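Trainee: This is the structure, below, for whatever I ask next.
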């Protein structure tokens with residue numbers, strides 16, 4: 001069994017992180033402004049009419065949803081653009097011909113994308129602390145969900161970056177699928193607030209399980225059991241790993 005080529009992994013990781021740091025002002029300022037606007041609109045306007053949700057002040061209740069919304073979109077976007085640009089520029093063939101395995105390529109790109117997404121999520125958490133008194137009952141599980149979700153959706157973004165044949169497709173999944181599913185997944189409301197029929201329909205939305213588990217780590221209560229949330233996230237992680245394995249074994253979108 002060959003040894004892991006850590007210098008190659010580090011080279012890809014550092015290159016991708018440098019690309020993030022070159023636009024650090026925009027990358028950091030954008031989530032701060034958007035989070036502040038969410039608190040002004042949702043926290044002030046709606047929160048004034050809805051004091052608590054499941055015993056949690058509304059302004060505090062939306063913090064996990066805001067973090068998850070950003071985490072999902074950032075993970076997918078960073079990973080998909082990270083691997084798409086080498087394909088677009090033709091430099092992907094240099095990576096494929098280098099003495100580096102598919103596992104090491106994935107570790108470099110997915111690790112960098114997940115790191116960026118987690119940094120942005122933590123910035124949102126820090127910004128939220130300026131508006132509401134933060135409360136995290138299970139900090140270990142909060143970080144665990146943060147890491148697991150970032151890695152899972154960075155893998156998903158990696159698959160999208162290999163599948164896409166244009167910039168339109170790169171943006172299609174985050175904008176037309178992930179963002180609506182996140183808004184409909186209980187980011188800004190509790191599923192139990194919906195009529196029974198729509199509560200049942202919501203269970204078909206995989207993002208519901210992510211947000212519910214993440215919210216549990218903050219407040220110790222959730223719409224769905226923690227075991228189900230972890231199970232669904234792990235299942236999606238396995239599916240994404242399977243998709244990446246298939247792509248490298250067959251050369252799909254890599255050698256053509």
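Since every read-out is calculated from the coordinates, none of them should be taken as a lab result. Here the structure is a predicted model, which means the values were calculated and not measured. Cβ placement follows ideal geometry from the backbone for every residue including glycine, while neighbour counts extend to all protein chains displayed.
Trainee: What ratio of Cα Rg to 2.2 N^0.38 Å holds for the range 6-250? Show your work: numbers first, answer last.
Mentor: Values: Rg = 18.5 Å, N = 245, 2.2 N^0.38 = 17.8 Å.
Compactness ratio reported: 1.04.
Trainee: Another question about this same structure. What is the order of 25, 35, fewest Cβ neighbours within 10 Å to most? Mind showing how you got there, number by number?
Mentor: Working: 25 9, 35 25.
Result, fewest neighbours first: 25, 35.
Trainee: Which of 18, 138 comes first, and how do the rest follow, when ranked by fewest Cβ neighbours within 10 Å?
Mentor: Numbers: 18 10, 138 15.
Lowest count first: 18, 138.
Trainee: Here is a follow-up. Starting from the 7 Å offset along Cα-to-Cβ, what nm value, one decimal, do you get for the label separation of residue 6 and residue 239?
Mentor: Placing both labels 7 Å along Cα→Cβ, they lie 3.5 nm apart.
Trainee: Give the order of 118, 177 when sorted by the count of other beta carbons within 10 angstrom, beginning with the fewest.
Mentor: Arranged by neighbour count, lowest to highest, 118, 177 become 177, 118.
Trainee: Angle between the Cα long axis of helix 226-250 and the longest principal axis of the chain, 0 to 90 degrees, nearest 10?
Mentor: 20 degrees
Trainee: Give the calculated FRET efficiency between residue 129 and residue 30 to the nearest 0.05, with a Förster radius of 22 Å applied to their Cβ-Cβ distance. Spell out each step's value before the answer.
Mentor: Values: r = 18 Å, r/R0 = 0.83.
After rounding to 0.05, the efficiency reads 0.75.
Trainee: Starting from the Cα of residue 249, move 7 Å in the Cα-to-Cβ direction to define the label point; list residues of the range 93-108 whose amide nitrogen is under 18 Å from there.
Mentor: The answer is 101-106, whose backbone nitrogens lie closer than 18 Å to the label point.
Trainee: Nearest 0.05, what FRET efficiency do residue 193 and residue 171 give at R0 = 30 Å with Cβ-Cβ as r? Could you put the intermediate results ahead of the total?
Mentor: Details: r = 31 Å, r/R0 = 1.04.
The calculated FRET efficiency here is 0.45.
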